[in-house]
Amino acid sequence: MQHALKPINPHTPAKPVSVPSSVTPPSRPHPDSLPLPPAMAHPSISASGRPSHAALNVTPTRPRASSIPSSTTSSPGSNTAQCSGMTKTGRQCTRRIKIPRVHSHLDPDIPALYCHQHKQAMITAQTGFYVSRPGREDKFIEFIHYIPKYLQTDTQLALRVEMEKAPTSSDVSGYIYTFEIRDPKRPDVIQLKVGRAVNLNKRLDQWDKQCQSKEQIPRGWWPGTVEGDEDDTSTSLLKGNIKAGEPGPYSHRIERLVHIELADLSLHAPYLEQGWLNLDKSDASPSAASICTSRGSTSSPAKACLDCGKVHREIFAFPRPDMGKYKGREWDLIVKPVIEKWGKFVRESYA
């Protein structure tokens, strides 16, 4: 049976509606409770079968050697990234920075990047860092001995962060090899592929089978011909006749440091400027950038390989100088010394 509704008397005040005590109004989310974007991992470019991204590990397995974030937080396909610097309250800086060309070339494993405020503070904050060596006295490493000032400030800071990282047990011994990719259609550019291998001869054979449209000529490897005696003519660079010798320690670390510096050298080409070894660059050089663009350097984002469909971040294109002692000797006088330097750093500091 339905009950008739009682008419409402407009002169009768409405009774307040009671809210059950168990119901609570929704609370506004605190900024600290919002989920963070995933952090970028540090895979080796030449390693195969490893994921290019890793989820953010909230609970580290071991204490960090530094409170500075080791990588830059960025969204896939974005041209900006979050500053890696830390505020006085102990939180990561929330500023967004446009990703420079050097860092973009190394995407998705983008190096540490800092906003203008943190950049200016960090570049003068300290001259080096201590390396703790079990059973031996701590060793102080000065940045100026390894990081030239003609590199962009963003590159210099990224190298500092990579240098200071503690070695890991997963960083195996190996070789840093260099191929020249010969391309008759680009005579004013030398293309060098610099990668890492555990088995040198096997890796060279893999590249031949994987990417066959361009001729790939070995130029050297570390350790071996890169650090060999110039008078030693017994070393062969013919594929199938290469005697690799003993591998070097911490090959992942060396490859990472080499790639960051070579990306700067290939994209900004400071060696095209007179007296470049004594240059001190705090920002990108407009003159060098214009030269790179006109000479056909890889200033645009890397494209997928026509042979294998992959993007080879380990390939660097260097505009050839028109004259001077570096003409035709880009490998010997510009690229090889970078590999030698970082191989020496890792051996003397961590091995």
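One residue alone among Ile260, Ile291 is in contact with a helix residue (DSSP H, G or I) (Cβ under 6 Å, 6 or more places away or on another chain), among the aliphatic types (A, V, I, L, M) and either farther than 29 Å from Ala166 by Cα or modelled with pLDDT under 75 (or both), and that residue is Ile291.
Table: residues versus (1) within 25 Å of Ser78 (Cα to Cα); (2) touching a Ser or Thr at 6+ places or on another chain (Cβ under 7 Å); (3) of a type in the set (Asp, Glu); (4) at pLDDT below 90.
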site: His268; (1), (2), (3), (4): yes, yes, no, no
site: Leu279; (1), (2), (3), (4): no, no, no, no
site: Ser282; (1), (2), (3), (4): yes, yes, no, yes
site: Gly296; (1), (2), (3), (4): yes, no, no, yes
site: Ser299; (1), (2), (3), (4): yes, yes, no, yes
site: Asp307; (1), (2), (3), (4): no, yes, yes, yes
site: Val311; (1), (2), (3), (4): yes, no, no, yes
site: Ile315; (1), (2), (3), (4): yes, no, no, no
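For segment 317-328, which residues satisfy the criterion of being of a type in the set (Lys, Arg) and surrounded by 14 or more Cβ atoms within 10 Å (Cβ to Cβ)? Listed by number, the list holds a single entry, Arg320. Just give me the residues in segment 148-202 being in contact (Cβ under 8 Å) with a residue 60 or more places away in the chain, within 30 Å of Asn241 (Cβ to Cβ), open to solvent by less than 50 Å² (accessible area, probe 1.4 Å) and aliphatic (A, V, I, L, M), in sequence order. Selection gives Ile176, Ile181, Val189, Ile190, Leu192, Val194, Ala197.
Only residues that are in contact (Cβ under 8 Å) with a residue 24 or more places away in the chain, part of a loop (DSSP other than H, G, I, E, B) and of a type in the set (A, V, I, L, M) were counted in segment 234-273, giving 3. Restricting Ser251, Ser213 to residues that are more than 17 Å from Glu180 (Cβ to Cβ), polar (S, T, N, Q) and either open to solvent by less than 20 Å² (accessible area, probe 1.4 Å) or modelled with pLDDT under 70 (or both) narrows the list to Ser251. When segment 92-132 is filtered for residues that are open to solvent by 90 Å² or more (accessible area, probe 1.4 Å) and charged (D, E, K, R), the ones remaining, listed by number, are Arg95, Arg96, Lys98. Among the criteria (1) open to solvent by 30 Å² or more (accessible area, probe 1.4 Å); (2) farther than 30 Å from Ala269 by Cβ; (3) touching a strand residue (DSSP E or B) at 6+ places or on another chain (Cβ under 7 Å); (4) not basic (Lys, Arg), the one Gly135 does not fulfil is (3).
The values are calculated or read from the model by the stated rules, or taken from the named source; none is laboratory data. Small disclaimer: the values here were computed from a predicted structure and weren't measured. Backbone-built Cβ (ideal geometry, glycine too); neighbour counts: all protein chains shown. Remember, those area values only see protein heavy atoms, side chains included, never the ligands or the DNA or RNA. Shrake-Rupley method; radii C 1.70, N 1.55, O 1.52, S 1.80 Å.
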